[in-house]
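None of the figures in this text is laboratory data; all of them are computed from the coordinates on show. Remember, it's a predicted structure, so these values are computed and weren't measured experimentally. Counting neighbours? That spans all protein chains shown, and the Cβs are built from the backbone with ideal geometry, glycine included.
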Amino acid sequence: MAIASLVSGIVCCLPPLGLVFGLIALPQIRKKNQTGKGLAVTGIVLSSLACLLIVAGLVSGAVGEAWRGFQKGVDEAARSSSAFSLRTGQCYNVDGDLEALTSEVEVVDCARPHEGEVTGGFKITEFTKWPGETALDDIATERCADIGNAYALDSWAFPEEVYDFYYMPSPDSWRVGDRTVTCAFIVDGGETMKESLRADKATLDADQLHFLTTMNRIDDVLAEEPEDDADEDLDANTAWARKVHDVVAAASRGLGTHSWPAASTTEVQALAKELDASAKEWDELARSADADVFWDRYDVAYDGTFWDAEAKARATLKLAATSPSTESPDAGPSA
């Protein structure tokens, strides 16, 4: 009992118990002529002092302030984590350089201004030994671009100042088994994102998802235009034009086979007709016999006739209805 009194007196949250143990121990020690009186007296003194401090703290409000500080610390600890432990869909701010290889980040509500948003991640499986930053950069750049595009399907709603970024293993973390790449969107130039950029299966309804996956294939194939122009490689350019024709025609069919809400049916059907007309222009471009003919038909095919129709259909589906680029509707995340 004397030992229990001493220990309870030392442990700050148990002083009343230590006082009780000490007061019980002293009579037993005297009655049985046992040792331990010093321990019991010390426990009583420590417990009494602790009880007085607690009472004084309650009267002055210091205990409440300390408890609030403790709660705040727990809350901040819960919201702060390594960039490598972030989950898809989480938004965060960084204390320091956004592009630091490793940094502490603060997870925040995506409805609040934030500097980063996690789009997903993957594990490196191609190497058993540290391959070097260049090799990891190449893999992360390609895969995070794909992950970002799938995370933000509505490219028309994508801000120009936002771009792809990733956190990858360092040589030190690799040695202890770290193989995770975390992909994210971050802002440039000291700006912040005001809301989540997520537009995927988790946030879109079935009609929005079908529309975007159908129309985004056109953006993807347009981005595959050969680096060499028709004067240098006519065959590559006409082959690309044929591929665009096939994708545009397939998009028209994809829109036509889906059952749309009544409010969207008319505009989507009008878009499908415009896509059919555009497919004919791309067919003509693909049949170009020489570079001069190709260039004569290029602007007509590329400008198309369906951008305005797409904007009207998007509006009925509650998607972004203003293209962020005057040159092309594709202004999605950039690697």
Task: Potential extension, Asn93-Ala150 segment - 0.36 nm per residue separation minus Cα distance - done: 18.3 nm
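Quote to one decimal, in nm, the extra length available between Val55 and Ala321 on full extension: 0.36 nm per residue of separation minus the C-alpha distance between them.
Taking Val55 through Ala321 to full extension adds about 89.3 nm, to one decimal.
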TODO: Identify all aspartates and glutamates with a Cα-Cα distance to Lys194 below 19 Å; exclude those on the same chain that are fewer than 8 residues away in sequence.
DONE: Asp95, Glu106, Asp109, Glu115, Glu117, Asp154, Glu160, Glu161, Asp164
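Quick one: Leu153, Leu285, fewest Cβ neighbours within 10 Å first, how do they rank?
The order, fewest Cβ neighbours first, is Leu153, Leu285.
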TODO: Would you mind checking the pairs Lys273/Lys312; Lys129/Lys201; Lys123/Lys243; Lys243/Lys273 and listing those with alpha carbons more than 24 angstrom apart?
DONE: Lys129/Lys201; Lys123/Lys243
Task: Sorted by Cβ neighbour density within 10 Å, fewest at the top, the residues Ile10, Ile147, Ile124 - done: Ile10, Ile124, Ile147
Task: Pairwise label distance in nanometres, Lys32 with Asp205, each label 7 Å out on the Cα-Cβ vector - done: 7.8 nm
Task: In region 123-168, chymotrypsin sites (Phe, Trp or Tyr not before Pro) in a DSSP loop with at most 16 other beta-carbon atoms within 10 Å - done: Phe127
Task: Point-to-point label distance, Glu133-Asp299, nm (Cα→Cβ direction, 7 Å offset) - done: 4.6 nm
Open item on the list: Using a 10 Å cut-off around each Cβ, can you sort Ser173, Ser278 from fewest to most neighbouring Cβ atoms?
Closed with: Ser173, Ser278
Open item on the list: Rounded to whole Å, give me the distance from the Cα center of region 272-286 to that of region 155-215.
Closed with: 33 Å
TODO: Pop a pseudo-label 7 angstrom from the Cα along the beta-carbon direction at both Asp109 and Asp231 and give the gap in nm to one decimal.
DONE: 5.8 nm
Open item on the list: Between Ala223 and Ser259, what's the calculated FRET efficiency when r is the beta-carbon distance and R0 is 30 Å? Round to 0.05.
Closed with: 0.50
